[in-house]
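This report concerns only the one structure given below.
The values are calculated or read from the model by the stated rules, or taken from the named source; none is laboratory data. Just so you know, these numbers come straight off a predicted model, no measurement behind them. Please note: Cβ atoms are built from the backbone with ideal geometry, for glycine as well, and neighbour counts cover all protein chains shown.
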Amino acid sequence: MATTGNYRLGPENGRLVLKTGRQGFAAMAGHDLTIEVTRWSAQVDVPDDDITSATVKADIDLGSLEVREGSGGAKPLTDRDRGEIKKQMAKILGTGTASFTSARILRVGSSGGAVEGTFTLNGQSEPVRVQVSEPGPGRYRGSATVVQTSLGIKPYVGFFGALKLKDEVGVEFEVTLPA
């Protein structure tokens, strides 16, 4: 359970990654990607010992996305591929900021729960539910799914439509609260 206080989080005490998948006739040619957000910040405010009264606000620098892994594919992911993917991400997402603002915190059991809120990207918003667990004191892991088309994004298509990025993008984080 979180300790009462105000916490500023970022890459210095956590990791935020995006997970993409592929589909379509030529899916074997592409890669499922792990993309790290290298510049982000979150403010978590826990006003009392009741975690359900906490608030969370996170900002993500879209220009800081870095391809860390590519699994599957006909050949290994190269540095050139990473550069091309980064260019495509900038075209599709822009290089501004995305944000998440909590609306409600739900406690489930002794070491888990959910944070419900709104994810906003390029002026488009969608409700998101982040599943959260506490694997150890002061350590939190979470995951959510963001649907690109709900945010006005057309998922990437290559090879004349034979390779497509899945509409759903996984978002995962792990943080340790500062002492």
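Checked against the criterion of being at pLDDT below 95 and among the hydroxyl-bearing types (Ser, Thr, Tyr), the candidates THR118, THR78, THR101 yield just one match: THR78. Scanning the stretch 34-48 for residues that are modelled with pLDDT under 95 and not in a strand (DSSP E or B) yields PRO47, ASP48. For the stretch 27-83, taking the residues that are aliphatic (A, V, I, L, M) and surrounded by fewer than 14 Cβ atoms within 10 Å (Cβ to Cβ), the one that is nearest to the chain's Cα centre (by Cα) is identified as MET28. Among the listed residues SER125, SER133, which satisfies the condition of being over 23 Å from ARG15 (Cβ atoms) and hydroxyl-bearing (Ser, Thr, Tyr)? None of the others qualify; the one that does is SER125.
Only one of the listed residues (ALA90, ALA54, ALA74, ALA42) is more than 30 Å from GLY158 (Cα to Cα), among the aliphatic types (A, V, I, L, M) and free of Cβ contacts under 8 Å to residues at least 60 places away in the same chain. That residue is ALA54. Here the strands (runs of 3 or more DSSP E) wholly within the stretch 49-128 that include at least 1 residues being closer than 25 Å to GLN23 by Cα and hydroxyl-bearing (Ser, Thr, Tyr) are 65-71.
Within the stretch 129-179, the only residue that satisfies the criterion of being loosely packed, with under 15 Cβ neighbours inside 10 Å, over 26 Å from THR52 (Cβ atoms) and among the polar types (S, T, N, Q) is THR149.
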